[in-house]
Amino acid sequence: AMLEPDRGLSLTIARVVQRLQGSSLHSQLERQARVSLHKPEIKLESLKEDIKDFLKTSGWEKKLQNAVYSELNVFPSPCHPAAPPEHIKEPLAYMRKAQGSWEKRILKSLNSMCTELNIPLAQKRPVNEQKELLNKWNEMGTDEPDLSLFRPVYAPKDFLEVLMNLRNPNYENGEQPSFRNHLGLIQVPLKVKDIPELKEDFSELGLNIGQLGIDDSAQVPPEFFENEHVRVGQKVLAEQDSAAAQQYVRQGCPTALRADLWALILNISNQPEDVLYYEQLKSNVIQHDLLVDSLIYKDVKLTASNDDYYFVFEDYLYQVLLCFSRDTSVLEHFTYSSATPPKSYIQGKLGMEEYAVFYPPNVNYNSFILSVAPLCFLYHEPSKLYQIFREMYVRFFFRLHSISSHPSGIVSLCLLFETLLQTHLPQLFYHLREIGAQPLRISFKWMVRAFSGYLATDQLLLLWDRILGYNSLEILAVLAAAVFAFRAVNLMEVTSLAAAEAVLADLSTLKVMPLLQIFLFATVT
């Protein structure tokens, strides 16, 4: 249920205050306010105003603003106070149910692997193994354990099958007048945007606006735009304002500024306590052996070592993913995700009777690896790399692995992709459907991995600039449709799914921004 604006606002404010109250920023602000009492410019008669002025001039007010902005970006807008908590997770009951049974299926697969291989989900490592792991922490890639018995828990096509079978029980087939003519694989009636709405949302990608990633714009000479854009970017960084940074990256990030701008948008500052937190996760990895570790290991070996771009980051990938599998702070995010974390227990940790190990419900590490790898180009300090990945995951990537009705969720993205193709390239759409090459069967893996591993890295980073800039994953569906539009002539000639896949097998030469611009702003609607 929607709230009247004032009520919604006061609920939002209350929630943000509550979330920030226990944070380290809160205690830092208190400490600064106390320190300021000894300054000569703070007068007793105007105490409150003077302290406010001090916090403003010393940059603390900006830090508070960024923290509030970050909260607003991550958490959904508040439901009606009477709405049950599961509605915050996902308002549609049939979506919640589907996500629940998908999680059960994954957990069952994990448990049966444990039984088959006769290994526990979680166990304490013997001391000699702990020492060995600690010594080779920075070169885990040199290890060659035999993992032939471990199998991936699921592949993207298994997940796609689940999404194809989703139905809204309130509609008998064919009862939804507006939806009856949707001929794609996704058969649930969610509202997705049309091109005019997308044009409005992505207006900064327009043909007459300067863009990084477009070499030959008629309106704006690229080198002139780039120099000016870099100058503005430096100013945005100097201001340390997350909202300004988010607006700025919609036109792309200069390579030299990207790492700092993304960190500013995600409000990651790598404080000493963050480094300490990362070290604690690391020691948890050293002490406990999880079944997931072997799955991560196998996937990194398969993914990174076969990829010319990513194999150099193999060691980073192990570190980040092993720590991520131990990170219970990610649990907070399950209050607004349709997913629910499964648990398993280790006996006798830290004198507590049981220590719950959170099992990430998305055991498709292959997609995780591909979402960490590009970040390795930008961040070389493990604890910072880790925080950036975790924040990207809880803001964006988790939506690609869970079943929900959110506009950035994978179900909506699939539907948006199919609707764009069916509406704007009907001949191509019908042709591929007739020969048994439903377009979504090809594009699904691109979207579920946010195009990582498919595009050249510089192009991928330009795409992710826009995900951060618009705080939305919808651009993934638009790009997938744009790729089909770009290769339409060749696709019209194919007569099988295999041939269509061959036409779209290599995306590494594509230039993302021109494709998006042409599809959004030059398509006749």
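The values are calculated or read from the model by the stated rules, or taken from the named source; none is laboratory data. What you see is a predicted model; the values in this text were computed from it and never measured. All Cβ positions, glycine included, derive from the backbone under ideal geometry; neighbour counts span all protein chains shown. Keep in mind that these areas ignore ligands, DNA and RNA; they rest on the heavy atoms of the full protein, side chains included. Shrake-Rupley method; radii C 1.70, N 1.55, O 1.52, S 1.80 Å.
Show me the helices (runs of 4 or more DSSP H) found entirely inside the stretch 437-525 where at least 1 residues are under 19 Å from L207 (Cβ atoms), open to solvent by less than 20 Å² (accessible area, probe 1.4 Å) and among the β-branched types (V, I, T).
474-486, 512-521
Of everything in the stretch 244-266, what is assigned to a helix (DSSP H, G or I), open to solvent by less than 40 Å² (accessible area, probe 1.4 Å), touching a helix residue (DSSP H, G or I) at 6+ places or on another chain (Cβ under 7 Å) and in contact (Cβ under 8 Å) with a residue 24 or more places away in the chain? Give them in sequence order.
Answer for the stretch 244-266, where residues must be assigned to a helix (DSSP H, G or I), open to solvent by less than 40 Å² (accessible area, probe 1.4 Å), touching a helix residue (DSSP H, G or I) at 6+ places or on another chain (Cβ under 7 Å) and in contact (Cβ under 8 Å) with a residue 24 or more places away in the chain: Q246, Y248, V249, L257, R258, L261, W262, A263, L264, I265.
Can you spot a residue in the stretch 412-423 that is outside any helix (DSSP H, G or I) and open to solvent by 40 Å² or more (accessible area, probe 1.4 Å)?
no
Suppose we filter E139, E103 for residues that are charged (D, E, K, R), open to solvent by less than 80 Å² (accessible area, probe 1.4 Å), closer than 29 Å to Q319 by Cβ and within 31 Å of the chain's Cα centre (by Cα); which single one remains?
Going through E139, E103 in turn, just one is charged (D, E, K, R), open to solvent by less than 80 Å² (accessible area, probe 1.4 Å), closer than 29 Å to Q319 by Cβ and within 31 Å of the chain's Cα centre (by Cα): E103.
What's the number of the only condition in (1) in contact with an Asp or Glu (Cβ under 9 Å, 6 or more places away or on another chain); (2) in a helix (DSSP H, G or I); (3) modelled with pLDDT of 80 or more; (4) not hydroxyl-bearing (S, T, Y) that G141 fails to meet?
The number of the failed condition is (3).
Looking at Q123, Q130, which one is within 17 Å of Y318 (Cα to Cα), outside any loop (DSSP other than H, G, I, E, B) and touching a residue at least 40 places away in the same chain (Cβ under 8 Å)?
On the way: Q123 fails: within 17 Å of Y318 (Cα to Cα).
Answer to the check: Q130.
Condition (residue is under 12 Å from the mean Cα position of the chain (by Cα) and farther than 18 Å from I369 by Cα) applied to the stretch 440-459: is it met by at least one residue?
no
So in the stretch 317-333, with the set limited to residues that are out of contact with any strand residue (DSSP E or B) (no Cβ under 9 Å at 6 or more places or on another chain) and at pLDDT below 75, which one is least open to solvent (accessible area, probe 1.4 Å)? Give the steps one after another, and end with the answer.
Start the filter on the stretch 317-333 by keeping residues that are out of contact with any strand residue (DSSP E or B) (no Cβ under 9 Å at 6 or more places or on another chain), which leaves 317-321, 323-324, 329, 332-333.
So of that shortlist, the ones also at pLDDT below 75 come out as 332-333.
Details: E332: 103, H333: 6 Å².
Restricting to residues being out of contact with any strand residue (DSSP E or B) (no Cβ under 9 Å at 6 or more places or on another chain) and at pLDDT below 75, the top hit is H333.
Just a yes or no: is a residue in the stretch 281-297 modelled with pLDDT of 95 or more and either β-branched (V, I, T) or closer than 21 Å to D327 by Cα (or both)? Outline the logic, then answer.
Step one: of the stretch 281-297, the residues modelled with pLDDT of 95 or more are none.
No, every residue in the stretch 281-297 fails to be modelled with pLDDT of 95 or more and either β-branched (V, I, T) or closer than 21 Å to D327 by Cα (or both).
Determine which single condition Y277 fails, assuming it passes every other condition in (1) open to solvent by 10 Å² or more (accessible area, probe 1.4 Å); (2) at pLDDT 95 or above.
(2) is the only condition that Y277 fails.
Would you mention how many residues in the stretch 31-71 are closer than 22 Å to I268 by Cβ, open to solvent by less than 90 Å² (accessible area, probe 1.4 Å) and part of a helix (DSSP H, G or I)? First the steps, then the outcome.
First, pick out the residues of the stretch 31-71 that are closer than 22 Å to I268 by Cβ: 31-32, 55, 58-71.
With open to solvent by less than 90 Å² (accessible area, probe 1.4 Å) added as a condition, the list becomes 32, 55, 58-62, 64, 66-71.
Still in the running and part of a helix (DSSP H, G or I): 32, 55, 60-62, 64, 66-71.
Of the residues in the stretch 31-71, 12 are closer than 22 Å to I268 by Cβ, open to solvent by less than 90 Å² (accessible area, probe 1.4 Å) and part of a helix (DSSP H, G or I).
Across the stretch 220-236, which residue is farthest from S58 (Cα to Cα) among those that are modelled with pLDDT of 95 or more and open to solvent by less than 30 Å² (accessible area, probe 1.4 Å)?
By that ranking, first place goes to G233.
Please name all residue pairs, on different chains or six or more residues apart, with Cβ atoms under 8 Å, provided the first residue is in the stretch 6-25 and is touching a residue at least 60 places away in the same chain (Cβ under 8 Å) and the second residue is open to solvent by 50 Å² or more (accessible area, probe 1.4 Å) and part of a helix (DSSP H, G or I).
T12/L72; S24/E273
Cβ-Cβ distance below 9 Å, separation of 6 or more or different chains: which pairs start in the stretch 505-520 with a residue that is in contact (Cβ under 8 Å) with a residue 12 or more places away in the chain and within 12 Å of Q211 (Cβ to Cβ) and end on one that is charged (D, E, K, R) and surrounded by 20 or more Cβ atoms within 10 Å (Cβ to Cβ)?
V512/R466; M513/R466; L516/R466
Looking only at the stretch 144-166, count how many residues are under 30 Å from V188 (Cα atoms), part of a loop (DSSP other than H, G, I, E, B) and basic (K, R).
0
Taking only the stretch 349-400 into account, find how many residues are hydroxyl-bearing (S, T, Y), assigned to a helix (DSSP H, G or I) and at pLDDT 80 or above.
Result for the stretch 349-400: 4.
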